[in-house]
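The values are calculated or read from the model by the stated rules, or taken from the named source; none is laboratory data. Every value quoted in this text rests on a predicted model; they were computed, and no experiment measured them. FYI the Cβ positions are ideal-geometry reconstructions off the backbone, even for glycines, and counts take in every protein chain you see. Side chains included, ligands, DNA and RNA excluded: accessible areas come from the protein's heavy atoms. Shrake-Rupley method; radii C 1.70, N 1.55, O 1.52, S 1.80 Å.
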Amino acid sequence: MPVQLLNLFKYLLIALIWLFFVRVLRAIWVESRPQRSSIAVAAPQAPPATAPVREKSGRTRKGGGSLGQPRLIVLSGGALVKGAEFMMSESMTLGRGQGCNISMARDTYASSVHARIYQHSNEWRVEDLNSTNGTYVNGKKLSGSQSIVSGDRLQIGQTIFEVSL
């Protein structure tokens, strides 16, 4: 095999190793950078989600709200208990971080502050907050902000929620 071809392969291998390191450093940078300023200016948020409360009917829900209020129901995922329900507030964040309204600390595929759900002009919207693995609505990757309706399935990390409005 000619020496020039071997040198070409050597330089391609070195370039691939550098690309790998750049990708790893970018992932670390995205996870460790501070929150975007638009989150800090958002409307006051409710306190972080508490453990689900079991009702007499056998259904679970968060806090003391009624079943007629908009809520997220956990369908699957290792981070939260299946069947847990979380009442939706005007603006709420979801992710692994302690400051999120719905904290999924054990979901390693969720970013620190992964997504935001908020009410705007009498409709509910979900927005991906530059998460590493993306946010999915009904199996389609979300880009920007999108309105959600009752029955939509929202995937954040490995956790799947159903929207109930």
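Annotations for the structure displayed:
- Hey, residue 2 at pLDDT 85 or above, surrounded by fewer than 14 Cβ atoms within 10 Å (Cβ to Cβ), farther than 22 Å from residue 124 by Cα and not small (Gly, Ala, Ser) or not: yes
- Extreme residue, farthest from residue 115 (Cα to Cα), among residues of region 137-165 that are modelled with pLDDT of 90 or more, part of a loop (DSSP other than H, G, I, E, B) and open to solvent by 60 Å² or more (accessible area, probe 1.4 Å): 150
- Among (1) assigned to a loop (DSSP other than H, G, I, E, B); (2) at pLDDT 50 or above, the one test that residue 30 misses: (1)
- Residue, nearest to residue 141 (Cα to Cα), within region 78-106, restricted to residues that are in a loop (DSSP other than H, G, I, E, B), open to solvent by less than 40 Å² (accessible area, probe 1.4 Å) and touching a Leu at 6+ places or on another chain (Cβ under 8 Å): 104
- Lone qualifier among 39, 73 - being modelled with pLDDT under 65, within 26 Å of residue 120 (Cβ to Cβ) and surrounded by 10 or more Cβ atoms within 10 Å (Cβ to Cβ): 39
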